[in-house]
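Here is the structure we will look at, set down as structure tokens.
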Amino acid sequence: MSHHSKTWSARFSEPVSELVKTYTASIQFDKRLSLVDIQGSLAHAQMLAECGVLSEADLADIRRGMAEIIDLINQNKIDWSVDLEDVHMNVERLLTQKVGDAGARLHTGRSRNDQVATDIRLWLRGETDTILQLIADFQAALLNLALDHTDTILPGFTHLQVAQPVSFAHHLMAYVEMFGRDAERFADCRRRINRSPLGAAALAGTTYPIKRKRTAELLGFEEVCRNSLDAVSDRDFAIEFAAAASILMMHFSRLSEELVLWSSQRFAFIKMSDRYCTGSSIMPQKKNPDVPELVRGKTGRVYGHLIALLTLMKSQPLAYNKDNQEDKEPLFDTVNTVIDTLRIYTDMVSGIVPIVENMRQAALQGFATATDLADYLVKKGIPFRESHGIVAAAVKYAEEQKCRLEDLPLEKLQSFSPLIEDDIYSVLTLEGSLKARNHTGGTAPNQVKKQIEFWQKRLSDKNAQ
Ligand code: ARG
């Protein structure tokens, strides 16, 4: 194919080198946008026909040609050409080959600049919807596991030191909250994705009597981008998406770290299904939690994409610059990573088996109910600071005796404070400690059950929508 076949080639006296051609081309990756590109073109053509800019016959030809191209795409039968640079020119060429002049008229009143901005928005909107559904599925998997474990007790940690007992369900529900906010972020970002740049054309708008609201409506966009320069150039919606994705991956990295710790011999709090672990090629006894480790690692690449997109946009003068072609690969990889991670995690969580007895033993160590003793004394009138000191002394003594607080005889406990009575022993139990935290957000089993019900309802309302 000679360089004169390039859409814009009439003014060029020498062909670009092969290296420049492949360097500047995007078809290698933006072919992923082919279906939304066609969707945008069909809406554009219909609007042009409705405005009398395109004949009904041309519109019919375009529709027929595009239908054939969609079939070819679905059968993976298209030979995308680097000579045609990107998906937009590839599709246009295919169309013109099929339907002639009508195809050549499609680009009336439009530029690749508003076209590509439209494509990314349409594509990202669809992926956002997929992600929102997958987050809900993942939350449902966490809820399912939590349901059985409102009475399963493990140590809650601060500084990774035993702090106070909590239920396993309570711990899981913390992640349900985190991923709930992730869903909010994606849903909010979707509102700003869902605006139509079409009609902005190259940068200043177009001389044809177009109806931008109409294409927006045909494509399901909620609004029209109000400024043509802004419409073709800014990718802030993509940056926002990558930020939401980064925060989601950050949450996954936290959960992953816990799964790695919990499945280690030192903690031994959970067993993970074998299908999420791999062996070692040299140490026969090993079962490594590869999936959570890899999720932890993949968090880094998503952060990288966020920084790439921010840096790409930084200092770009108005309006479109070729820099923006670089928005696609980071976005594509972000979407791939987030979707795969959500899918694999949903399945993995349903295969987690807590080792209840080990969790309990761990909670019994480290004086996890010391705060309960302090609170007990406060309720008997001792100022908290003072009671904190009394309990510290009791803990020190028990530590020396290598026993737990509840192993000390009543007379011994009373030597630290005469206000301590026989009822202290129920206060010092793990169950008593949980049950006492009986308020919204607390770890008491009935409170956690309420939280589970809240989320079950919220997710089923969402699915009913
Ligand atoms: N492939 C280009 C991109 O991804 C399409 C827009 C090209 N526009 C231009 N004026 N070169 O951004």
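Since every read-out is calculated from the coordinates, none of them should be taken as a lab result. Since this is a predicted model, take the numbers as computed values, not measurements. Cβ sites come from the backbone with ideal geometry, for glycine too, and all protein chains shown count toward neighbours.
May I have the count of lysine pairs in the range 361-435 with C-alpha atoms under 20 Å apart, counting pairs 8 or more residues apart or located on different chains? For the range 361-435, qualifying lysine pairs total 5. A 28 angstrom limit on the alpha carbon distance is what I want to check against. Which of Lys287/Lys450; Lys77/Lys462; Lys286/Lys450; Lys21/Lys98 exceed it? Over 28 Å Cα-Cα: Lys287/Lys450; Lys77/Lys462; Lys286/Lys450. Compute the separation of the alpha-carbon centres of the range 90-149 and the range 267-318 and state it in Å as a whole number. Answer, in whole Å: 26.
For the range 376-447, the set of GluC sites (Glu not before Pro) satisfying both a DSSP loop assignment and a count of at most 15 other C-beta atoms within 10 Å is given as Glu421. For the range 243-280, the list of trypsin sites (Lys or Arg not before Pro) that fall in a loop by DSSP and count at most 15 other C-beta atoms within 10 angstrom reads Arg266.
For the range 397-465, trypsin sites (Lys or Arg not before Pro) are listed when DSSP marks them as loop and at most 11 other Cβ atoms sit within 10 Å of their Cβ; the list is Lys402. Here the range 416-445 and the range 364-382 have alpha carbon centers that stand 7 Å from each other. Quick one: helix 370-379 against the long Cα principal axis of the chain, what's the angle to the nearest 10°, folded into 0 to 90? The angle comes out at about 70 degrees.
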